[in-house]
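Participant: Below: one structure in structure tokens.
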Amino acid sequence: MFEYLMPLLHLRCYADTLLDHAMRGAVRIQQLYAGERRVPWGISESAHSDRDGKRQYQYRAFGVPAVSASSDHPEKVVIAPYASMLAAMLDPARSVANLRALDAGGYQTRYGFVEAVEYSSRASDSVPETIRCFMAHHQGMSLMAMDNAVFCGRMQERFHREPFVQATEFLLQERMPALVEDLPDAGEQSAAA
């Protein structure tokens with residue numbers, strides 16, 4: 001989810017644009033995917049349970065197959081709480097509910113939420129593994145996202161005051177194309193020809 005939502009930390013989101021639909025769609029697909037698996041949502045790149053020779057957590061991109069650029073389907077579902085905080089800029093009610101569920105599960109410490117919670121898809125009754133580390137860039141994105149969510153996009157407002165940003169702001173306003181209804185699929189077209 002990081003790849004979809006990180007631009008919102010600095011850039012405004014305009015209603016009914018390509019970007020708006022892509023971001024909201026990615027969040028909703030995540031919510032549905034996690035709901036089917038009965039786990040919290042918020043899949044993004046993060047540390048996970050694999051460790052190197054120094055016992056340090058390994059890091060990689062995780063995603064939902066429907067919106068992932070990668071074709072691999074890992075056997076793990078890794079939930080990164082910072083992804084829910086990013087989504088709070090678009091869907092605050094569901095994000096807060098998800099973060100409360102993560103808190104109730106014991107995944108918040110005195111330093112904030114843990115890096116990730118890893119669920120194995122092999123056994124539905126397995127206990128999730130807590131990835132107890134704190135990555136500065138995830139903590140920073142979380143703080144900025146919460147600032148934007150609570151203070152109505154204040155960081156975006158500051159960024160958009162820059163003349164270079166104002167000069168290209170119109171690119172963020174690209175509207176969704178009008179959909180053409182009742183287009184025949186490729187099989188129907190070749191049969192008609």
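Participant: With +1 on each Lys and Arg Cβ and -1 on each Asp and Glu Cβ, and nothing else charged, work out how big the dipole of the stretch 2-192 is about its Cα centre, in Debye to the nearest 20.
Facilitator: In debye, rounded to 20, the stretch 2-192 gives about 940.
Participant: Further question on the same structure: Find how much the distance from Arg38 to Arg55 grows on full extension, using 0.36 nm per residue of separation minus their present alpha carbon separation; answer in nm with one decimal.
Facilitator: Length difference between fully extended and current span is 3.1 nm.
Participant: OK, next. Using the Karplus curve 6.51 cos²θ - 1.76 cosθ + 1.60 with θ = phi - 60°, work out ³J(HN,Hα) for each residue of the stretch 81-91 in order, rounded to whole Hz, and write x for Gly and Pro.
Facilitator: Result, ordered by residue: x, 4, 5, 5, 5, 4, 5, 4, 6, 10, 9 Hz.
Participant: Going by amide H atoms built from the backbone, whose H comes under 5 Å of the H on Ile43, apart from near neighbours?
Facilitator: Residues meeting the criterion, in which the H sits 1.01 Å from N, are Ala80.
Participant: Put +1 on the Cβ of every Lys and Arg and -1 on every Asp and Glu Cβ in the stretch 2-192; which of Ala34, Gln139, Ala149 then has its Cα farthest towards the positive end of the dipole?
Facilitator: Projecting each Cα onto the dipole axis, the largest value belongs to Gln139.
Participant: Okay, moving on. Calculated FRET efficiency, Arg28 and Ser120, Cβ-Cβ r, R0 22 Å, to nearest 0.05?
Facilitator: It comes to 0.30.
Participant: Subtract the Cα-Cα distance of Glu129 and Phe151 from 0.36 nm times their separation in residues, and report this length gain in nm to one decimal.
Facilitator: Stretched fully, the Glu129-Phe151 segment lengthens by 4.5 nm.
Participant: A follow-up question, please. Please turn the phi angles of the stretch 40-54 into ³J(HN,Hα) values with the Karplus equation 6.51 cos²θ - 1.76 cosθ + 1.60 (θ = phi - 60°), one per residue in order, whole Hz, x for glycine and proline.
Facilitator: After applying 6.51 cos²θ - 1.76 cosθ + 1.60, I find x, 10, x, 8, 7, 5, 5, 5, 9, 6, 4, 10, 8, x, 8 Hz.
Participant: Zone of Arg94 (label point 7 Å along Cα→Cβ, backbone N under 14 Å): which residues in the stretch 9-27?
Facilitator: 21-27
Participant: 7 Å from Cα along Cα→Cβ at both Glu75 and Glu162: what's the point-to-point distance in nm?
Facilitator: 4.5
Participant: Answer rounded, prolate or oblate for the chain, using the Cα gyration tensor with square roots of eigenvalues a ≥ b ≥ c: rounded when a/c is under 1.5, else prolate when a/b is larger than b/c, else oblate.
Facilitator: Oblate shape, in that a/c is at least 1.5 and b/c is the bigger or equal ratio.
Participant: While we're here: First measure r as the distance between the Cβ atoms of Leu171 and Ala104, then evaluate 1/(1 + (r/R0)^6) with R0 = 35 Å and state the FRET efficiency to the nearest 0.05.
Facilitator: 0.25
Participant: Positive end of the charge dipole of the chain (Lys, Arg +1 and Asp, Glu -1 on Cβ, about the Cα centre): tell me which of Leu99, Val165, Tyr4 has its Cα farthest that way.
Facilitator: Of Leu99, Val165, Tyr4, it is Leu99.
Participant: About its Cα centre, what dipole magnitude does the stretch 2-71 give when the only charges are +1 on Lys and Arg Cβ and -1 on Asp and Glu Cβ, stated in debye to the nearest 20?
Facilitator: Using Cβ point charges on Lys, Arg, Asp and Glu, the stretch 2-71 gives about 280 debye.
Bear in mind these aren't lab numbers, they're just calculated from the coordinates by the rules spelled out. All values derive from a computational prediction rather than experimental measurement. Virtual Cβ from ideal backbone geometry, glycine too; neighbours counted across all protein chains shown.
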